[in-house]
Structure formats: structure tokens, C-alpha cells
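**Q** My questions will all concern the structure given below.
We did not get these values from a lab; they are worked out from the coordinates using the rules stated. The structure presented is a predicted model; accordingly, all values stated were derived computationally and were not measured. Please note: Cβ atoms are built from the backbone with ideal geometry, for glycine as well, and neighbour counts cover all protein chains shown.
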Amino acid sequence: MPPKKVLKLDTKQQTLVNFWRPDTGGHDDSLDLSASVNEEKEQPSASVRDVSQPKKREFLTKWLSMYSWLRFVERTDTHDNFMYCSICDENNAKNSMVQQMHNRNYQNTTLVRHAGHPDHVNAVRVVPQMKQSLAVALQKGSSDKDKAIEVMFKTLEWMIKEDLPLSKFQSLVQLLHDFNVKDLEILSQK
Ligand SMILES: [Zn+2]
């Protein structure tokens, strides 16, 4: 009979061991889990991009119709695809949405934020200003208009070459006019 008791004790011990084992096993599992979580964190850039994920970052063509200034450049042998803002790019703005920055942060929030960026807001205002100045010169319809336009284009060209903010175009033309630059006289004729 005593051997039976010993056996019973043995089974109890085994159960106890089994109690402990799952615990340590549990620790191992949690370690494995955290390890796999880390792996998952590192992997998305490589593999998850192709799997449908809510946060996959791909350029959506509908953005092109939402943002008139947005441009998308397809991937080539020399560079990956990227997007840029045509207005900021034309205006030599210094932000992450000019062509040379090769922005690939494909999120609508990136575009919303860019639309409110001071550089961008400024550039959006400037382009119509320049168009207006040119339109004024064109509307005069005199032979001097070509000269006025030429002066403005030269001014523009110079500003771009000197990397000056084009938001100053209007006031620079005004300054030239105030200095009585002859070819700009046409702008003040009513
Ligand atoms: Zn912009």
C-alpha cells in the first residue's frame, strides 16, 4: 500500500511540476510574443506594404483631383516614386514638398498640413499676383506692353536666380515702378 501512496505523491509532484512548467512556458511564450511583435514592427516596410493594411502608404490618384498643386512622379531606374507641390516647387520654397525632397509620406494628413504651410499659402497668393501684373501689362494693348512684360520676366528670372522669395515680386515691381523704370510706366497708365 505505501508504494501506492508514493505513486500518488509522485503524480501530485508531476502535477505541481506541470503547474510550474506552464508558468515558465508562459514566460517563454510572452518573450516569443514580444520578439515577434518587434519583428512585425520592423517588417512592415518590407512585406506589409503589399498586404492590405489600413495604414499602408501608397499614393492615391484621387489626391490629384483634390489638390490642384499636387504632382506625382513615377518610379524610374534612378529614383523611387514621389510627390511634390508644383506651386512651392515653382516658387523655390524650402519645405518637404518641393521636388528635390522626393516626399513619399503618402498620407492625406501630409497634404492637408502642406496646404496650410506658410510657404505654400504665400506661394498660392503670389502666383495670382504675378498673373495680375502681367495681365495689367497685356491689357494696355500698347507697343510698350512687350517691354513691360519683358521687364517683369527679367525681374522674375533674376529673383529665381538669386533664390529670393517670389512673394516679394509684387513689391519689387512696385519699387522699379517707383524708381520710374521707363518700361514699367505702362503699369500706372489708366
Ligand atoms: Zn506647396
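**Q** Take the cross-link list 147/168; 94/161; 62/94 and give me the ones stretching past 18 Å between alpha-carbons.
**A** In this structure, 147/168; 62/94 lie more than 18 Å apart at Cα.
**Q** Hey, another quick one. Using the per-residue mean of other Cβ atoms lying within 10 Å as a proxy for protection, in what order, highest first, do the peptides 118-125, 88-95 fall?
**A** Result, highest mean first: 88-95, 118-125.
**Q** What does the charge count around residue 163 come to, taking other residues whose C-beta lies under 15 Å from its C-beta (Lys +1, Arg +1, Asp -1, Glu -1)? Don't jump to the answer; show the numbers that get you there.
**A** Details: positive: 94, 161, 168; negative: 89, 90, 119, 157, 162.
Within the 15 Å Cβ shell, the charges total -2.
**Q** Excluding residue 98 itself, calculate the net charge of residues whose Cβ lies under 12 Å from the Cβ of residue 98, where each Lys or Arg counts +1 and each Asp or Glu counts -1.
**A** With Lys, Arg at +1 and Asp, Glu at -1, the net is -1.
**Q** Given just the C-alpha atoms of the range 62-116, how large is their convex hull per residue in cubic angstrom? Show your work: numbers first, answer last.
**A** On the way: hull volume 4.2 nm³, N = 55.
Hull volume normalised by residue count: 77 Å³.
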